[in-house]
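Student: For reference, the structure I am asking about is given below.
Nothing in this text is a laboratory measurement; each read-out follows from the coordinates by a stated rule. Not measured: the values here are computed from a predicted model. Neighbour counts run over all protein chains shown; Cβ positions are idealised from the backbone, glycine included.
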Amino acid sequence: MSDTVQVAVTGAAGNVAGALLFRLASGEVFGPSTRVVLRLLEVPAALPALSGVAMELLDSAFPLLADVVVTSSPSVAFDGASWALMLGSSPRRAGQSRADLLEANASVFVPQGRALAAHAASDVRVLVVGNPCNTNCLIARAQAPEIPSARWFAMTRLDENRAKAQLALRVGLPVREVTRLAIWGNHSSTQYPDAWNALISGRPAPVVVGDDEWLRSSFIPLVQERGAAIIAARGHSSVGSAASAVVDSVRALSYGTSAGDWTSLGVVSQGEYGVPEGLVFSYPVAVSASGTWSVVSDVPHSADALERLRVTTDELVAERDQVAKLLG
Ligand code: LMR
């Protein structure tokens, strides 16, 4: 047994956490020789429910689960954390405007960003899942300039997984045959799921699919609207697939992406592909086995794709402008 990893999870009594925590505790994410301490954060009203989750974690007798901390204090939750999985956010309420939603989330992510800066481990990596995740990540990061920009992520792997699944279904091949599928931009209905640079069984996806019209008119909107379709079908947003995408994201950042492949992650833009510096923008990201990552360069785009990139970039700029007073 070599290490112990401290993992903070916010929104820990929520549905996604319910599907995620047991996978974190099992060793599936951090490997069979790493003990896990789960540091679970919730609002005070949800602490009774969270203590029930903690009881169930203990009752599972996971050999690798070293401790479970239950708290409503961000400073306790983030104390010594090497991973901060930010699932909690203020959900969108009926009739609420995007601006009000951003504002409501600021009250969550401003104090949490400050607590991360003050208490997390010096190697902390932060994955923001709670929506609107790109801009929530931007807000939290602005409170914590001490944490290097390369350690902040917003989750778009769920969109990538959805896109891969749809391409695989369309061509009747296993999903593992689909590689290099990048989500560009915002985790919202303006995202650009790029099938044109994806591969299926090593061949260009558009050639294998053989129907550009389907890719443009069906595939793209289906992926863009999948979150809304899940909400319509289930009455609440995605649970198991969101937890799975967290597992995939953390594993990719811990163990690397396969040679020649990439993963989708919202990262702090350094201006790549003309995106304004500092926006949290989803790109194709290649990760080394030791966890060093870089945005994949020179991915070619058609005029149609460039227009889609502009639309999602503009949306992120508008979100940034709406929370400008929080960004210092
Ligand atoms: C999803 O993509 O399933 C969610 O981010 C949707 C949502 O608004 O919660």
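Student: May I ask which residue of Ala25, Ala115, Ser217 lies farthest towards the positive end of the charge dipole of the chain, with charges of +1 (Lys, Arg) and -1 (Asp, Glu) on Cβ and the Cα centre as origin?
Tutor: Of the listed residues, the answer is Ala25.
Student: Also: Only Cα pairs within less than 10 Å get springs; with that Gaussian network setup on the chain, which residue of Ser97, Ser89, Ser282 has the largest fluctuation?
Tutor: Ser97
Student: Taking the stretch 55-112, which trypsin sites (Lys or Arg not before Pro) meet the DSSP loop condition and have no more than 10 other C-beta atoms within 10 Å?
Tutor: When the trypsin sites (Lys or Arg not before Pro) of the stretch 55-112 are filtered for loop state and at most 10 Cβ neighbours within 10 Å, Arg93 remain.
Student: Which value results when the Cα radius of gyration for the stretch 1-139 is divided by 2.2 N^0.38 Å?
Tutor: Rg over 2.2 N^0.38 Å, computed on Cα atoms: 1.04.
Student: If the viscosity is 0.890 mPa s and the temperature 25 °C, what Stokes-Einstein diffusion coefficient in µm²/s follows for the stretch 157-322 when Rh is the Kirkwood radius over Cα pairs?
Tutor: 151
Student: So what is the 222 nm mean residue ellipticity for the chain from helices alone, if each DSSP H run of at least 4 adds -39500 (n - 2.57) and you divide by all residues, rounding to the nearest 500 deg cm²/dmol?
Tutor: Counting only the DSSP helices, I get -12500 deg cm²/dmol.
Student: Taking the highest mean first, how do the peptides 233-239, 50-56 order by number of other beta carbon atoms within 10 angstrom per residue?
Tutor: Those peptides, ordered most packed to least, come out 50-56, 233-239.
Student: Based on the Cα gyration tensor of the chain, what are the three equivalent ellipsoid semi-axes, each the root of five times an eigenvalue, rounded to whole Å and given largest first?
Tutor: After diagonalising the Cα gyration tensor, the semi-axes are 31, 23, 19 Å.
Student: Given +1 on the Cβ of Lys and Arg, -1 on the Cβ of Asp and Glu, and no further charges, what dipole in debye does the stretch 96-247 carry about its Cα centre, rounded to the nearest 20?
Tutor: 280
Student: Using the charge dipole of the chain (Lys, Arg: +1 at Cβ; Asp, Glu: -1 at Cβ; taken about the Cα centre), state which of Val124, Asn105, Leu57 has its Cα farthest towards the positive end.
Tutor: Leu57
Student: Which order do the peptides 187-195, 18-26 come out in when sorted by mean C-beta neighbours inside 10 angstrom, highest first?
Tutor: Descending packing order for the listed peptides: 187-195, 18-26.
Student: May I pose another question? Can you tell me what percent of all Cα-Cα pairs in the stretch 223-314 are more than 23 Å apart?
Tutor: Pairs farther apart than 23 Å: 38 percent.
Student: Separate question: Suppose every Lys and Arg Cβ carries +1 and every Asp and Glu Cβ carries -1, with no other charges. What dipole size does the chain come out with about its Cα centre, to the nearest 20 debye?
Tutor: 300
Student: Could you give the dipole magnitude of the stretch 24-101 about its Cα centre, charging the beta-carbon of Lys and Arg +1 and that of Asp and Glu -1, in debye to the nearest 20?
Tutor: 320
Student: Can you give me the C-alpha center-to-center distance between the stretch 106-165 and the stretch 206-285, rounded to a whole angstrom?
Tutor: Computed from Cα coordinates, the inter-centre distance equals 16 Å.
Student: Hey, another quick one. Could you tell me which helices of the chain pass both thresholds, a Cα extent of 27 Å or more along their own axis and a mean Kyte-Doolittle hydropathy of at least 0.0, with helices taken as whole DSSP H runs?
Tutor: Going by DSSP H runs, the hits are 98-119.
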